Structures are given as C-alpha cells and as structure tokens.
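Engineer: Let me give you the structure first, and then I'll get to my questions.
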Amino acid sequence: MLKILNKIRQTGFLTEDLPTDPVLEQVGEQLRAGVALCFHGNLAIRTLDAGSCNACELEIHALNNAYYNIERYGVHFVASPRHADILLVTGPLSVHMETALQRTYAAMPAPKFIIAAGDCASCGGEFGCSYASLGAISNIIPVDASIPGCPPTPLQLMQGILQILASAAKPK
Amino acid sequence: MMAHFNWLSELLARYQDEHVLVRRGLSRKLAPAHLLKIDAEDWGRAAQIAAEFGCRWAGVWAEQRGSTLLLNAALAYQGDHLLLRTRVPLEAPQLPSQTPYYPAASRMERHVQDMHGVIFADHPDARRWTRHNRWATDSYPLRHDFAVANTPLPAEPEQDYSFIQTQGAGAYEIPVGPVHAGIIEPGHFRFQAVGETILNLEARLGYVHKGIEKIAAGRDAHGLARLASRVSGDSTVHHAWAACMAMERAARIIPPPRALALRAILAERERIANHLGDIGAICNDVAFIFAWQQFARLRELWLRDNASCLGHRLLMDCIIPGGINADLSYDQVQQLLDAIEPLRRELTSLYAILDDHPSLEDRLATTGFLSAEHAKRLGCLGYVGKASGQDIDLRRNYPYAPYGELEVHSPVLHTGDVEGRMQIRMQEILASLGLLETLLNTLPEGEINTPWQAPAENSEGVGLVEGWRGEILCYVNFAKDGKIARYFPRDPSWFSWPALELLIHDNIVPDFPVCNKSVNGSYSGHDL
C-alpha cells in the first residue's frame, strides 16, 4: 500500500489546461452555462461503435486519462443509452450494425444529441458506401455535430463535445 | 535454410506415402512461403496428414479466377510457411473441410462459405458466420458478379441462427451485445450459466463487417496500404506492414534498410502502446484503478512521442509501398531514445506493485485458464499462445528484415491464465524497449523509399509479420495496371476468439470482462 501511495504522490496532478484558444475559451464559458442549464451540471455520453476500426475507440478512451480528464466538465460515459444525453458514434455505419444503431438511438430519452466522431462516421471515410457499409451516420439518423480526424485526437474529440454543448445551451 | 528444407521433404514424403498427389509450385512464386498444389478431393486428407505431422494451421481464403475458385490454406512449421492450393469449379465449388483436423479452421471456412459460396462438405457446423442475412443466401460478395454497391436486403431480426442451448434446472441464458456497456467494439456473446458459473459461451461476430476484402479490389498499391492501416486501428502499423510486405514481394521490390529499421521502430512502439493500455485495462476490470490510471498515463506519454516524432499518435499511414512515410531527424532519434530509460524505471516500480498485490493476484491467477493443448489446437498466437506454452514469434523463428540482425527475446509461460497473459505483455514491453534502443542506435543512413513499380498481372505475395497480437498473414494478388485483385489479411484474432470461448468455461460471469480483455481479440480485424 505504501508503494502505491508513494507512486501517487510522485505522479502528482497531471490534468492539463486546454490550449489557450480564444474560440475554445468562449466555448468553455458557454459549456459551463450550458451543462448547468440543460443537464444540471452533468452530461452523460453513450458511445457506439457502428463499424469502426477501433482507432476512434482508443482515442475516446484517452479522454478518461489523467491528462484530458473530461469528467472535470461534468461529462462522463455511461453504460446504457437510457442514461445518455449524447450518442457518440464512430465508424462508417456497417450494414450489420444498422439495427443496433437504430435501437440504441430509440432507447435514448429526449432531448438527445448525436455526434459523429471521426472521418468514417462523418462522411464514410476510407470505407465509404458499399454492400456492407452505409457510410456516414447521418445517412440513417440525424447528426448534430461531426468531429473530423482519422482518428480524431483526444483534444479534437473534447473540442467537438464542448462545441455541441455550447450550441445545445443556446435557446432554440 | 537447411532445416526448413528438410521438414518439407519429410512432409512431401508423407504425402507420397498416403497417395496425395502434390505438385510443387515455383519456389519464387510465393517466397518465402512454399506452394503445394493438390487436388480438391485431397483437401481434407492433406490437412489431416499435416496435422499429424505437427503443422500449425494458419488460415484459408479463396479467390475467383475466371470460372474457378482458387483455395489457399496456410500451414506453418517452426516459423516456416506452406500454402496448400487447389481449384474448384465456380458452378460446383465443393471440397472437403479441414475443420475435422484443425478446429482453428472452422470459422474461417464459414467465412469463405459466406463470401465465396464454397461448400465444405463435411464441415461440422455449416451455419453462416460473416453473413447476417443482409445479402441473399445465394449471392456471394467476393465473387465477380456481386457488385460492390449492391443494395443490402432489409434488416430483419435474425431468428434462423441457432445458438447452443442449455437445459436443466437453474440453467439460464444471458445474451450480451452487439452493443456493450463500455467503449469497445461490437459483438454478440451468448452465455449459458448456472448461478454465476458459465457453462458455455458462444460468440456471434461479424457486426463490423465493412467489406474490406471487396473494396480492396481495384485499388492501387497506395490505396491498399491506406485500407490495410484501417483493418484494425490498434494494429495499423502491423497490418500496413504485412500488406506492403506482400505487395513488395509480389513486385520484387525491397525497401531500403533505413525504411525497414524505421518500420520495426514503429512496430515495437505499437506493441508497447497496446500492451501498456491492455495491462491497465486488465487491472481496471478487477477494479484496481490505480494501475489503470498509471498505465494510461504512460500510454498517453508514449503516444505523444509518436505524434511529435512521427506525425500521428497511432502511427497511421506511416508505412507505404516501397518504404515509409515518416523519417526521424537526429534530434527525434535522441528524443525517442531519451524516453526509454524513464519508462523502464516507471515500469520497474509499477511491476513491483502489480507483483506484490494479493487482491490482484487473487482475481487474475488461475482465472480464464487456457491449456497448452487447446492453445495448440486452436493455433493461438501472440500473448494468448505464449502464456499457454506456444513459443511462436516470427521475429525470432523466421525473422524478416530487420529482425534477422536483432536478438529477439520472446517470453513464454505455461500458466495459461489471465495473469500469464498480462505477464507476457509486461515482459514483451521490456524486450521491445531493448529492441528500440538497438534500432534507434543503429538506424542506417540513406533513402527511406524504393520507388514503387506495379508488378504484372497475377503477381502474388504473402506478407508475414509478428503483430502485437501475434502473427499477421496477408495475401495480395495483382490484377492488370497495378490494381489489386485480391487482398486477404488474416488477423491473429481469428484464433483467439474461439480460445476465449474455451478459457471462460467454469469461470464466473463477472470475470468475463477481465478474461475478454486478457485476450483482447480484434473485432474489426476479424469481421473485415
């Protein structure tokens, strides 16, 4: 146990400030207001791999490491779509995942937001449309925001999530 | 090379004794793999004899050539590879199955059945595998008459796929997936359980099938390398390397020494990144959050060095036909070298904690046991095989450049449990750090690309690399004008998914996540 405590002490606090960027700072402000207003300071994301190569998943995982620590914004990942405000979808939509995507989408309570994460989910990416792939997620369900990248970096993912929050916070 | 020659002569003699007619292919054609052409009717017996001889089964794939289907089965012996090849007519594509002699062949034969319409006559399980009823029973995506843009059939509940059932007092079934609770790839698992004890697990995969083999056809070499980079995003370096190696062998192109050394640097970095992530995730699955956060931290630092020195956190699209798309300056070599010793120190302190943590030991030791016999029969590779006594590592057994000049230490254990699979990863990280030091200190000067020149029609090549999950085998055949006619990447996950179903027996349902993570099969690399 001492070894563990010692290691934790040596490691220290690693969470980084987001890069100084006027747009992002503005987003950050809107975000705090938005999360407080719309989601009671607590935003739940359900991820769905709809055909990804797994690279996007690796980078989404990184959002939970100490450096990005996305939970500091009240954003956390949940196990059930019924608990989710946002569906973060990766991959070109494989034909075999079409039903699962639609059921997951239907299981979410309104209001719900859909983010297409990565080039494949945004536009079909390297796989495009074929007998096995329906391409962009927006071909099947309405998408509120897209995050480009193959895969998007954790920072890009975080910026994408923050931006949709900012737009959600605006009165419609 | 002499030893390799001898085993093959002995196997050929065995075939002759058993009256299996074998014609040797041109030795250059698929070098370094040996090519043996046999009659379709001998397909099963040839496998039976090879199994008795002690060959490991390493894959099967088909390819349409005009009005015939060409079938290839890969076998391995002491790191050396052999391709059995036969032809069946397109209108009557039937031949014996190899599954009765090699359980490893079962699902890949079912994949060939779904994609090419080959009938494996005595296959013990003729259910579809990759097909989920979204294309018709009598149409086969990898045949030439199937258009890549074919409209899928409407989605309907899959009621005709019969899972293994359990009956009896207290026995019940748990269906899980395709969508899982975590941030992971999709697949369906069907558990039969009594109380918390798992009696049987059956996986149903294919959910992320996105037509990789089909959309590969017609691409040029660089387009195929991009696609190969995305067969399994966690293995982007190794799949791209295997595909480029296959294409380069087909085109008789040898990348310059600096490019090969750089490829190995990327490959070892990919191995370390994934192992760091997996060790943390295994600990996380038994609620040891400290280790998860620590290893996630080390992985993040490692990926940041990838980004700053090689331009991409996961090293995607760095390997291209003929060479490499990322070079290291002197300063970057120093930066990567300077990061090795600190990581080694971190690992020493963390390994000491993992080794001396009774509650971790309690959850990991003896959990998810895979016997050496099962690992062998399923052809398990990488850390799954190595933890169960399968001492297979291509970098050492059949070294490809630049590994021939390196001393590769490959660990092997006989515990066969989750802890063993984690231990193999821990040791492999240290071994890879040593390799990286040597590679970075001896990085040859010079060019990083040999100009790509497309080969003639029907030039074939086989690529073989030791990925972080184990051996990746890749086959490429060229059509006219430098376009790809056929691409088949065989991820080692084909063999670890069936292993998961065996090693989970008699474990409790709550231990499934940690058992699954210890195997960490690729869904995407398997579903294609």
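The values are calculated or read from the model by the stated rules, or taken from the named source; none is laboratory data. Quantities reported herein were computed from a predicted structural model and do not represent experimental measurements. A quick note on method: Cβ atoms are made from the backbone with ideal geometry, for glycine too, and the neighbour counts reach across all protein chains shown.
Engineer: Taking B:Lys517 and the conditions (1) closer than 23 Å to B:Gln423 by Cα; (2) out of contact with any Lys or Arg (no Cβ under 8 Å at 6 or more places or on another chain); (3) away from chain A (no Cβ under 14 Å), which numbered condition does it fall short on, given that it satisfies the others?
Structural biologist: (3)
Engineer: Could you please give the count of residues in region B:479-512 that are within 14 Å of another protein chain (Cβ to nearest Cβ) and either in a loop (DSSP other than H, G, I, E, B) or modelled with pLDDT under 95 (or both)?
Structural biologist: Total satisfying the criteria: 1.
Engineer: Determine whether region B:437-446 contains at least one residue that is out of contact with any strand residue (DSSP E or B) (no Cβ under 8 Å at 6 or more places or on another chain), under 29 Å from B:Cys55 (Cβ atoms) and surrounded by 17 or more Cβ atoms within 10 Å (Cβ to Cβ).
Structural biologist: Step one: of region B:437-446, the residues out of contact with any strand residue (DSSP E or B) (no Cβ under 8 Å at 6 or more places or on another chain) are B:437-446.
Of the ones still in play, those that are also under 29 Å from B:Cys55 (Cβ atoms) are none.
No.
Engineer: Quick check: anything in region B:132-152 within 12 Å of chain A (Cβ to nearest Cβ), part of a loop (DSSP other than H, G, I, E, B), within 23 Å of A:Asp49 (Cα to Cα) and among the aromatic types (Phe, Trp, Tyr)?
Structural biologist: Looking for residues that are within 12 Å of chain A (Cβ to nearest Cβ), part of a loop (DSSP other than H, G, I, E, B), within 23 Å of A:Asp49 (Cα to Cα) and among the aromatic types (Phe, Trp, Tyr), one finds at least one in region B:132-152, hence yes.
Engineer: Out of curiosity, is B:Glu185 among the charged types (D, E, K, R) and facing another protein chain (nearest Cβ under 9 Å)? Walk me through how you get there before you give the answer.
Structural biologist: Working: among the charged types (D, E, K, R): yes; facing another protein chain (nearest Cβ under 9 Å): yes.
It is true that B:Glu185 is among the charged types (D, E, K, R) and facing another protein chain (nearest Cβ under 9 Å).
Engineer: Could I ask something else about it? Would you mind finding the one in B:Arg226, B:Arg230, B:Arg271 that is closer than 30 Å to B:Arg304 by Cβ, within 12 Å of chain A (Cβ to nearest Cβ) and assigned to a helix (DSSP H, G or I)? Quick ask: steps written out before the conclusion?
Structural biologist: Details: B:Arg230 fails: assigned to a helix (DSSP H, G or I); B:Arg271 fails: within 12 Å of chain A (Cβ to nearest Cβ).
Sole residue among the options that is closer than 30 Å to B:Arg304 by Cβ, within 12 Å of chain A (Cβ to nearest Cβ) and assigned to a helix (DSSP H, G or I): B:Arg226.
Engineer: What tally of residues in region A:44-79 results from selecting those that are touching a residue at least 40 places away in the same chain (Cβ under 8 Å), among the small types (Gly, Ala, Ser) and more than 27 Å from B:Glu156 (Cβ to Cβ)?
Structural biologist: Here the count works out to 4.
Engineer: When region B:302-331 is examined, which residues are found to be outside any loop (DSSP other than H, G, I, E, B), within 14 Å of chain A (Cβ to nearest Cβ) and without any contact (Cβ under 8 Å) to a residue 40 or more places away in the chain?
Structural biologist: B:Leu303, B:Arg304, B:Asp305, B:Asn306, B:Ala307, B:Ser308
Engineer: Taking region B:201-217 only, how many residues are crowded, with 23+ Cβ neighbours inside 10 Å and in a loop (DSSP other than H, G, I, E, B)?
Structural biologist: Of the residues in that region, 7 qualify.
Engineer: Within region A:146-172, track down each residue that is among the polar types (S, T, N, Q), modelled with pLDDT of 70 or more and farther than 21 Å from A:Glu16 by Cβ.
Structural biologist: A:Ser146
Engineer: I'm checking my understanding of the structure. Among residues of region A:137-151 that are of a type outside the set (Ser, Thr, Tyr) and part of a strand (DSSP E or B), which one is farthest from the other protein chains (Cβ to nearest Cβ)?
Structural biologist: Checked region A:137-151; the qualifying residue farthest from the other protein chains (Cβ to nearest Cβ) is A:Ala145.
Engineer: Look through B:Asp362, B:Asp338, B:Asp393 and report the one residue that is out of contact with any helix residue (DSSP H, G or I) (no Cβ under 6 Å at 6 or more places or on another chain) and either surrounded by 21 or more Cβ atoms within 10 Å (Cβ to Cβ) or under 30 Å from B:Val476 (Cβ atoms) (or both).
Structural biologist: The unique qualifying residue is B:Asp393.
Engineer: What residue, of B:Ala259, B:Ala264, B:Ala240, is within 13 Å of chain A (Cβ to nearest Cβ) and either over 24 Å from A:Leu58 (Cβ atoms) or touching a residue at least 12 places away in the same chain (Cβ under 8 Å) (or both)?
Structural biologist: On inspection, the qualifying residue turns out to be B:Ala240.
Residue-wise test of (1) free of Cβ contacts under 8 Å to residues at least 24 places away in the same chain; (2) of a type outside the set (A, V, I, L, M); (3) surrounded by 14 or more Cβ atoms within 10 Å (Cβ to Cβ); (4) in contact with a Pro (Cβ under 8 Å, 6 or more places away or on another chain).
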site	(1), (2), (3), (4)
B:Ala147	yes, no, no, no
B:Asp160	no, yes, no, no
B:Ala171	no, no, yes, no
B:His180	yes, yes, yes, yes
B:Phe189	no, yes, yes, yes
B:Leu199	no, no, yes, no
B:Arg219	no, yes, yes, no
B:Ser229	no, yes, yes, no
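Engineer: For region A:80-128, give me the residue count where each residue is without any contact (Cβ under 8 Å) to a residue 12 or more places away in the chain and within 12 Å of chain B (Cβ to nearest Cβ). Write out each step before concluding.
Structural biologist: Going residue by residue through region A:80-128, those that are without any contact (Cβ under 8 Å) to a residue 12 or more places away in the chain are A:99, A:103, A:106, A:110.
Checking which are within 12 Å of chain B (Cβ to nearest Cβ) leaves us with A:99, A:103.
Number of matching residues: 2.
Engineer: Still on this model: What number goes with the only condition from (1) β-branched (Val, Ile, Thr); (2) within 14 Å of chain A (Cβ to nearest Cβ); (3) more than 26 Å from A:Thr153 (Cα to Cα) that B:Ile289 does not pass?
Structural biologist: (3) is the only condition that B:Ile289 fails.
Engineer: Could I ask something else about it? Got a sec? Which of A:Ala66, A:Ala62, A:Ala55 is within 7 Å of chain B (Cβ to nearest Cβ), surrounded by fewer than 18 Cβ atoms within 10 Å (Cβ to Cβ) and modelled with pLDDT of 75 or more?
Structural biologist: Details: A:Ala62 fails: surrounded by fewer than 18 Cβ atoms within 10 Å (Cβ to Cβ); A:Ala55 fails: surrounded by fewer than 18 Cβ atoms within 10 Å (Cβ to Cβ).
Of A:Ala66, A:Ala62, A:Ala55, the one residue that is within 7 Å of chain B (Cβ to nearest Cβ), surrounded by fewer than 18 Cβ atoms within 10 Å (Cβ to Cβ) and modelled with pLDDT of 75 or more is A:Ala66.
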